[in-house]
Amino acid sequence: MSQFLFDFVHSLSMREKAYFKRYVNIHASSSNKNYLKIYDAIEEMKSFKKNELKNHFKGTPIAKHLSSEVSYLKNKILASLINFHSSNSPRSKVQKGILSIEILIAKNFRKEAMKKLFFFKKIAYRQEEFLFILKLIELEENILFKEGIFGFQDVLKKLKEERNSITAAIQNLNDLRILREEIRELHLTVRFITDEFRSQKVFRKNPILASEDLCLSIKAKSHWYYIHVFKCFLIRDYKSALNISEKYLLFLKEHPNIFPFSSLLPPISNFTYFAAKTKNKVALKKGINKLNDLALIPNIDLTYINYIKYSRHLEFAYTTNNILLAEQTLNLSIELINSKSEQMGSVQVAYLLFLIVRATIVLEKYELGATQLNRWLQLEVLKYLEIQAKLFCLIIHYQLKWTQLLASEVLTLKKLSKEFPRDKDIINAFYVFFKKEIKVPNQTQVHAKQLQKELKKIKKDKEGNFVFDDFDFFRWSLSLSQNPPQSK
């Protein structure tokens, strides 16, 4: 069994799985259901093991034809997915329409073909399906050529201009898409921009980003908004990001024919994030209300909606020091991961676990924090949160008086300075603090003051706030005199 087949089966949503079972019952003969047994076996597997499928069917008739049955299964899953996703979408209607036009042209029913062509071209324009429009232009030209170009020169000239216009729109869309992917990559890797990264294209003066009026399509304008939202995020300008996010949402809602309700969820997620970071209770409530409205729509992703609600409430609780809200949301968040982690993306699970662990530190629920931290570390920790994870680990072990484990973790902390040069100051500050605490544990207040002195040296932003964006280490250091580590 290949890694692809395992991942392919496990990538199916609940609705896609249900449709696949219905599809094969309709299209498969009762005499050939071996591939369904293979499907069921793969679905029950928790992790990929190369020879597990071969061992599972060893000694059975399926084993003799396992390779061909696996290939047949892949094709059946793909066929069912094509049917599932092409049943009612406008895009699939245009695709089928193009096929019907080609059949009519081949049979010389050019007049009927032209009627359908105009009909489906309108749909393609409404959906901004530019590649389909180019194909329809080509088909229209073919019809005219078969009729004879005499008297149709003006029409052909207009079609040429139309093709040039659509080609320009495609190029414009692609240019913005490239910039969008570039800024998304920065968001997932660098997280925050310093001078060394301002040479990136998206941060240089780029004419296409100067005004939304330079976007040649609605889809291009969507990329334009996304880029500007995350440009603000990367320089920590959360107030501007909140403002642009709201405009982005209004823009998407104005074009429901292109952006379905489900496409509103990521922008609402961003809007509520910036509302939480700016302590804007009104904006946060507005975003949560939008999520509650969307939750009433059939087949909407309720797991994703709950992820957004809980993660943003945890963020807001932290920024506003709202202990009650943190308490209320913590258990809901843990329950969501316990029951729905398979339906969530790995990045979502990891980020929610980060918020959960942070909440346990604030609420001084350190044993619960240790459990959730272990779950988080078993996943692939996002690069920008690696130092955060390491320091959370040290803080929890320190608070629980797990001295031996703490001493082991401190040794690995110092080595991270080379890998994360931007964080070397905070790494060194905590390395010295924990080393002193291990050596002389009865001098916590003295060591805490020394830690606070070092943290104050770390660069502040223009408003005088400490640049501890995801966790206020200075606030934690101040709590040490009131809340000394638990005895164990």
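The values are calculated or read from the model by the stated rules, or taken from the named source; none is laboratory data. Computed from a prediction, not measured in an experiment: that's the story for all the values here. Cβ coordinates were reconstructed from backbone atoms using ideal geometry, including for glycine residues, and neighbour counts include every protein chain displayed.
Things to note:
Residues are listed down the side, and each one gets a yes or a no for (1) closer than 27 Å to LYS37 by Cα; (2) at pLDDT below 80; (3) not hydrophobic (A, V, I, L, M, F, W, C):
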position: THR60; (1), (2), (3): yes, no, yes
position: ILE77; (1), (2), (3): yes, no, no
position: SER80; (1), (2), (3): yes, no, yes
position: SER89; (1), (2), (3): no, yes, yes
position: PHE118; (1), (2), (3): no, no, no
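- Candidate set: region 309-352, residues that are of a type in the set (Asp, Glu) and surrounded by fewer than 17 Cβ atoms within 10 Å (Cβ to Cβ); chosen: the one farthest from the chain's Cα centre (by Cα): GLU327
- In region 229-245, the residues that are more than 18 Å from GLU181 (Cβ to Cβ) and in contact (Cβ under 8 Å) with a residue 24 or more places away in the chain reach residues that are acidic (Asp, Glu) and surrounded by fewer than 23 Cβ atoms within 10 Å (Cβ to Cβ) with C-beta atoms within less than 9 angstrom, at least six apart or across chains, in these pairs: ARG236/ASP461; ARG236/ASP469.
- Among the residues of region 351-387, those that are of a type outside the set (A, V, I, L, M, F, W, C) and closer than 19 Å to ASN321 by Cα comprise ARG358, THR360, GLU364, LYS365, TYR366, GLY369.
- Only listed residue being touching a residue at least 60 places away in the same chain (Cβ under 8 Å) and either in contact with a Cys (Cβ under 9 Å, 6 or more places away or on another chain) or within 15 Å of LEU5 (Cβ to Cβ) (or both), chosen from LEU53, LEU66, LEU81: LEU81
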